[in-house]
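Remarks on the structure that follows.
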There are 2 protein chains.
Amino acid sequence: METGLRQFEAIAQALAEAIACGVYRPGDRLPSIRQSSRTHGVAMGTALRAYDELEARGLIEARARSGYFVSAPRVARLPEPEQTTPARRSTPVEVSELVFRLLDEIKIAGFAPPGSAFPSPELFPLATLSRVAASAARRLDRWSSVRDLPPGNAELRRLIAKRYQLHGCAVQPDDILITNGALEAIGLSLQALTRPGDAVAIKSPTFYATLQAIERLGLRAVEVATHARTGIDLSELERAIRTQRVHACILMTSFQNPLGSTLDDDKKRDLVALLQRHSVPLIEDDVYAELHHGALRPRPAKYFDRSGQVLHCGSFAKCLAPGFRVGWVAAGRWHEAVRRLKLMTSIATASIPQAALASYLRDQPFDRHLRSLRASLASQLQSMVTAIDRYFPPGCRASRPEGGYLLWVELPEQIDALQLHAQAEKEQISIAPGPLFSPQRRYRNCIRLNFGHPWTGAMEAAMRRLGELITAAR
Amino acid sequence: METGLRQFEAIAQALAEAIACGVYRPGDRLPSIRQSSRTHGVAMGTALRAYDELEARGLIEARARSGYFVSAPRVARLPEPEQTTPARRSTPVEVSELVFRLLDEIKIAGFAPPGSAFPSPELFPLATLSRVAASAARRLDRWSSVRDLPPGNAELRRLIAKRYQLHGCAVQPDDILITNGALEAIGLSLQALTRPGDAVAIKSPTFYATLQAIERLGLRAVEVATHARTGIDLSELERAIRTQRVHACILMTSFQNPLGSTLDDDKKRDLVALLQRHSVPLIEDDVYAELHHGALRPRPAKYFDRSGQVLHCGSFAKCLAPGFRVGWVAAGRWHEAVRRLKLMTSIATASIPQAALASYLRDQPFDRHLRSLRASLASQLQSMVTAIDRYFPPGCRASRPEGGYLLWVELPEQIDALQLHAQAEKEQISIAPGPLFSPQRRYRNCIRLNFGHPWTGAMEAAMRRLGELITAAR
């Protein structure tokens, strides 16, 4: 991986990843400082510093005269949040100032990133992307601006369809519409399915960007109870559909933002069947699916869709190339409607990023990059959970996502996450307070944390400081 | 200019441009065939073919034993359209199927392009753009995806501001928001200014993409009488504002699509004053301004704006780099509102196209490219008007834009442009029928023609065939 880490941080990261992947198990002895310094070709002092770092994170422990050993995972103590219980009514959506503050914080150099919704740019294969984009730019064809009009670059659509086939989904190149990232795909899909004032069912809590899309279109949200591990409660969803006129359901189905929960295959099948029974289309926001920490990519709900009622939205922004702004939607029976809205909204997506991604998918080791990315995220998750367990006061709960880079922390009830955000902001630590994720402004004592950044001393310090602020606020 | 023209076409084009620019005046003798073949290093037969081509277009004439002479312009016969007279009420907007058919026609190889809204990709400096984009991709920075979040690439905004300064506009880099083309800029601006159901004043006829943006947001349109040379009628605009609750006015102010009309400086000043008097913000769609055929770029209405009430939208798509999908808006006092909507709609604009355009504007001869582009457009306009004059039946009127690449033709009253479109489509000739440009579905006997394509034999043949279809339909 190409990173901007210092030597000792890179060594610590590599070892942490090996521990997260089970190469070293709890109780295993690690290579000695001397061995490590040889392996990585660094000074003994640098290797020592890496081990100190891992010890400080609680991942390893030194035993006198025996060396360094992998610690027993301590995180089991930290309980998971329980299922949420939003009010069963629809709410107009109005997103606070705070979302924009949060988006601006991440642009400030030196700001600790746990509040961000973006993974670290350090995690992506910049040199390779840069090379394929340069080559795509050199091969730029005079007529590409015409040919790449919606549905978009044909070769890129073919290669995306190939990945669908890999996961068992019968999505064809002509079923795919290229968009300016997944957010445009979601916005166009929502617009194709609804009129202002219509109600849309969402999980609760739900990502604020989704709420903003709902707000922008003047829709109402019906929040549905959701569990931090198993996702949306289907009987509550059915109740919402029975009691209110729901025009669409919009859900992340794997490693969802902010909870980290995933619907298993059975639940996805039941979800699709339920929605089909009630003729409610599903906008499936599936931008984190490639970031599974386990061996298998979870299936999308789209896999179970036989009637074209699932509009499946994907993106390269979270797993490969953030600045390219290329996403897509396989909108089923709404494909033509969404294509027309795309033409009416932004005409087309830029040619060079599309051609570059097509070239990357065709000729570069995407899966190798993903394996490395997943290992980093799995290790960073462990560091994050360990840090919460260590620094946060008793009474906290944290979700345990099996993929992605976001988790949800329930703080003791008396903590006000908005106040905590304001305090943390003063110390240049960014966090995402719970009320941003609910039109009903619930989750006042919750925060979303981002572990999509290399685990550095600065990150550790930010978590420690957060813990102090929370403890002081109790 | 880099083009795909054949040799004789390129020579004809160069001579036609020299005639359009006044290098050769009516009555002037042209170089002999022999001289021309030497000058261009081609066979006598090729030079002869170029002269035949120009003669066929009516630009030059052979005189026995004397050589070739520039013809007297014959186009003065062709009258201009009169001011339009739309009904004085607001109308919900619903754009027909036909717009999407038109957008799809231009993707079909071999389709004659006069119906398209895009200039020919042949007119742009592809090799240079390709080179600067490749170089921008190679220099791609890991943090650009964060830094280029709205308002967008700082260097690009600085260089756009520099061009504003050149035209006397006090627009600063921080006043500019980069968007996915001008259409996104217009859509975001409209959304910042209105709520569904609000009325927006537009010129009549108006570009269908603007109508689609209005439709998408559920707004109503008030069409205002407009003249093909002088643009919107200000007293009619004021009457509309006085009699109806108009929330915004959206206008092209120079070389507007589809009429080709331009508001002169006095009228722009009066327009801004009028709107300010009534507190109606102006969305100024100014994407054609750089394409003036005369010596001077017309000022934008934004130049006369002292209160931040003009939201000025520009783009590189029409004058430099169509497939890059980079536009902008200087939204005055709505800058922050529009920036937030951009974050909520598509998050950001892709980094590489922004960096490439910044590099082009800083280091490449943009103005030289523009001069060459303008000369091509001026010459193609002359060819188009000459062709209308020659092939269309009596009773036609055509506008005479002083810039851009679109003109408006009023056909004899009994002609139905929708039927004409259907007939022409069968013969792979694309035209844009008048009713697309009016929510009230006026202009049944009008068409918009695009002269933004190199004038070839195929174009001449398409115009001749169109003339035959019109004549037969009378």
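The values are calculated or read from the model by the stated rules, or taken from the named source; none is laboratory data. The structure displayed is predicted, hence computed values, not measured ones. Glycine also receives a Cβ, built like all others from the backbone with ideal geometry; neighbour counts cover every protein chain displayed. Each accessible area value is taken on the protein alone, full model and side chains, heavy atoms only, with ligands, DNA and RNA left out. Shrake-Rupley method; radii C 1.70, N 1.55, O 1.52, S 1.80 Å.
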Applying the gyration tensor rule to the Cα atoms of region A:198-255 (axes a ≥ b ≥ c; rounded if a/c under 1.5, else prolate if a/b exceeds b/c, else oblate), the class is oblate
The helix B:366-391 Cα axis meets the longest alpha-carbon principal axis of chain B at an angle in degrees, between 0 and 90 and rounded to 10, of 60
Note on chain B: C-alpha Rg/Rh, Kirkwood Rh, two decimals, gives 0.98
To the nearest 10 degrees, the tilt of helix B:181-193 (Cα long axis) against the first principal axis of the alpha carbons of chain B is 30
For peptide A:142-152, the mean count of other chain Cβ atoms within 10 Å per residue Cβ is 6
Row for region A:311-356, column shape: gyration tensor on C-alpha, a ≥ b ≥ c, rounded if a/c < 1.5 i.e. under 1.5, prolate if a/b over b/c, else oblate; value oblate
Sorted on mean Cβ neighbours within 10 Å (highest first), peptides B:449-460, A:191-202 come out as B:449-460, A:191-202
Given unit charges at Cβ for Lys, Arg (+) and Asp, Glu (-), the dipole magnitude of region A:370-421 about its Cα centre in debye, nearest 20, is 340
Of the residues B:348, B:466, B:432, the Cα lying farthest along the dipole of region B:313-468 towards its positive end, which is defined by charges on the beta carbon of Lys, Arg, Asp and Glu, belongs to B:348
For region A:1-71, shape from the Cα gyration tensor axes a ≥ b ≥ c, cut at a/c of 1.5 then a/b versus b/c, turns out oblate
If unit charges are put on Cβ atoms (+1 for Lys and Arg, -1 for Asp and Glu) and the dipole of region B:128-251 is taken about its Cα centre, the option from B:213, B:227, B:151 lying farthest towards the positive end turns out to be B:151
Measuring from its Cα centre, chain A shows a charge dipole (+1 at each Lys and Arg Cβ, -1 at each Asp and Glu Cβ) which, in debye to the nearest 20, is 620
The percentage of Cα-Cα pairs in region B:425-474 separated by more than 16 Å is 48
Log10 I(q)/I(0) at q = 0.20 Å⁻¹ for region A:1-125, from Debye over equal alpha-carbon scatterers, is -1.18
In whole angstrom, the spacing between the Cα centers of region A:288-331 and region A:127-144 equals 25
For region A:242-373, the Cα gyration tensor yields equivalent-ellipsoid semi-axes (√(5λ), largest first, whole Å) of 27, 21, 12
Inter-chain shielding metric for A:186-197, i.e. average beta-carbon neighbours from other chains within 10 angstrom, reads 1
At q = 0.14, 0.22, 0.31, 0.32 Å⁻¹, the log10 of I(q)/I(0) for region B:93-142 from a Debye sum over equal Cα scatterers comes to -0.61, -0.83, -1.13, -1.16
The percentage of the accessible area of region A:339-422 (probe 1.4 Å, all protein chains present) made up of carbon and sulfur atoms, to the nearest whole number, is 45
The A/B contact buries a total accessible area, at probe radius 1.4 Å and rounded to the nearest 100 Å², of 5200
Per the 1/(1 + (r/R0)^6) rule, R0 = 41 Å and r from the Cβ atoms of residue A:273 and residue B:94, FRET efficiency to 0.05 is 0.70
If one compares the long axis through the Cα atoms of helix A:265-277 with the longest principal axis of the Cα atoms of chain A, the angle in degrees, nearest 10, works out at 20
Excluding ligands, DNA and RNA, the carbon-plus-sulfur percentage of the accessible area of region A:1-152 with a 1.4 Å probe reads 51
Along principal axes, largest first, the alpha-carbon spread of region B:233-294 in whole Å comes out as 37, 20, 17
Using alpha carbon positions and the Kirkwood radius, the Rg to Rh ratio of region B:321-448 is 1.09
Of the convex hull drawn through the C-alpha atoms of region B:321-391, the volume per residue in Å³ is 160
With the charge dipole of region B:278-433 built from beta-carbon charges (+1 for Lys and Arg, -1 for Asp and Glu) about the Cα centre, the Cα from B:337, B:417, B:377 projecting farthest to the positive end belongs to B:337
Here the equivalent ellipsoid of region B:148-281, derived from its Cα gyration tensor, has semi-axes (largest first, whole Å) of 26, 19, 14
Treating only Lys and Arg (+1) and Asp and Glu (-1) as charged, each at its beta carbon, one finds that the protein assembly as shown has a dipole about its Cα centre, in Debye to the nearest 20, of 580
Per-residue ellipticity at 222 nm attributable to helices in the protein assembly as shown (runs of n ≥ 4 DSSP H, -39500 (n - 2.57) apiece, nearest 500 deg cm²/dmol) works out to -13000 deg cm²/dmol
For the protein assembly as shown the translational diffusion coefficient, Stokes-Einstein from a Kirkwood Rh over Cα pairs at 20 °C and viscosity 1.002 mPa s, in µm²/s, is roughly 71
Given A:28-34, A:276-282, the highest-first ranking by average Cβ count within 10 Å works out to A:276-282, A:28-34
For B:292-302, B:353-363, ranked highest to lowest by mean beta-carbon neighbours within 10 Å, the order is B:353-363, B:292-302
Output field shielding_mean for A:323-332 (other chain Cβ, 10 Å radius) holds 4
One finds, for residue B:414 and residue A:138 with R0 = 60 angstrom and r their Cβ-Cβ distance, a FRET efficiency to the nearest 0.05 of 0.65
Computed Rg/Rh for region A:73-171 (Cα atoms; Rh = Kirkwood radius) stands at 1.10
Rounded to whole Å², per residue accessible area for the protein assembly as shown with a 1.4 Å probe reads 36
Inter-part gap, Cα centre of region A:355-394 to Cα centre of region B:68-117, in whole angstrom, is 53
Once both label points are put 7 Å beyond Cα along the C-beta direction, the residue A:44-residue B:296 separation in nm becomes 8.0
Long-range alpha-carbon pairs in region B:154-195, meaning those over 15 Å apart, account in percent for 51
